[in-house]
Every structure is written in C-alpha cells, then in structure tokens.
1. Based on what the data block shows, is residue 26 touching a strand residue (DSSP E or B) at 6+ places or on another chain (Cβ under 9 Å), surrounded by 10 or more Cβ atoms within 10 Å (Cβ to Cβ), modelled with pLDDT under 85 and not in a helix (DSSP H, G or I)?
2. Take the residues of the range 57-69 that are in contact (Cβ under 8 Å) with a residue 24 or more places away in the chain and assigned to a helix (DSSP H, G or I): which is farthest from residue 99 (Cα to Cα)?
3. So residue 16 clears everything in (1) under 22 Å from residue 116 (Cα atoms); (2) modelled with pLDDT under 95 except one condition, right? Which one?
4. If I filter the range 34-47 down to residues being surrounded by 20 or more Cβ atoms within 10 Å (Cβ to Cβ) and under 14 Å from the mean Cα position of the chain (by Cα), which single residue comes out as farthest from residue 128 (Cα to Cα)?
5. Tell me whether the range 102-109 contains one or more residues that are over 19 Å from residue 32 (Cβ atoms), at pLDDT 95 or above and over 16 Å from the mean Cα position of the chain (by Cα).
6. State yes or no: is residue 87 part of a loop (DSSP other than H, G, I, E, B), within 27 Å of residue 66 (Cα to Cα) and at pLDDT 95 or above?
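The values are calculated or read from the model by the stated rules, or taken from the named source; none is laboratory data. The structure displayed is predicted, hence computed values, not measured ones. Glycine also receives a Cβ, built like all others from the backbone with ideal geometry; neighbour counts cover every protein chain displayed.
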C-alpha cells in the first residue's frame, strides 16, 4: 500500500503542532496573586469578614505540618478563597519548603480557576506589594 507524501507531511505537521502546544500556557490561564495557606487552618477563618490578621501571622511551619499537607492548600486573593488542585498542592509544598519567610507566604500561581478550584501550573513566592502590607488587599496580575 502506497502512502502519499502529502498525507505524510500533514501527519508530521500535526504531530509537531501538538508537541509544541502541549507545553504552552492555555488560553484561560492567568496569574493569581495572594496568600498561600493550608486548608486545615483556613477552614477556621473562611467565614470571617477580615481573615487577613490570621493569614498574615499564620506560619510556614504550620503549613508544612503533615496533617496540613494532607488536607491541601488554598490561595486567598482579593477576598476570595481558591482551593488548589492536586498538582497545585505539590507545587505549594515545594514553594513553602523553598521560602525563607516564617509567615505570610505571598505567591503568584499560574493556572485557571473553575468553581473555586485553582488548577495550578506553577507556584512562585513573590514579594508582597507595599499596599498589600498596609491594607491586605491582593492584586491579581493580568
């Protein structure tokens, strides 16, 4: 059976395109910036009208406790809680272990959110903007 060169060329073009696209950022991905917290502890302040005092004093060591790691992590950004997916939880643990800060872990997460779940591709600690230190408002990057 003879295969035309046009079909072969098209096949390899599609394979190359799929390979290139598989590692790129999706159209709905964006940066989410806020405080990283374990769900174990965040559950106690999720209903508070201003949970920032707790969040800013919550320690990295607590976030890394085994029971906190098992429950997973969330991001508090612009007054909204977003739970991290399983990959995001792994990335959060790595970011926490690398952090030099003892509390108020402020991060940028690349991903997409759907119904309160943040599907994370990266978690990177960033410096808090001075307005965040003063007022506690997170700033989402576009």
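1. It is true that residue 26 is touching a strand residue (DSSP E or B) at 6+ places or on another chain (Cβ under 9 Å), surrounded by 10 or more Cβ atoms within 10 Å (Cβ to Cβ), modelled with pLDDT under 85 and not in a helix (DSSP H, G or I).
2. Ranking the candidates gives 67 first.
3. (1)
4. Going through the qualifying residues, I end up with 38.
5. Step one: of the range 102-109, the residues over 19 Å from residue 32 (Cβ atoms) are 102-103.
So of that shortlist, the ones also at pLDDT 95 or above come out as 102-103.
Still in the running and over 16 Å from the mean Cα position of the chain (by Cα): 102-103.
Yes, the range 102-109 contains at least one residue that is over 19 Å from residue 32 (Cβ atoms), at pLDDT 95 or above and over 16 Å from the mean Cα position of the chain (by Cα).
6. Details: part of a loop (DSSP other than H, G, I, E, B): no; within 27 Å of residue 66 (Cα to Cα): yes; at pLDDT 95 or above: yes.
In short, no.
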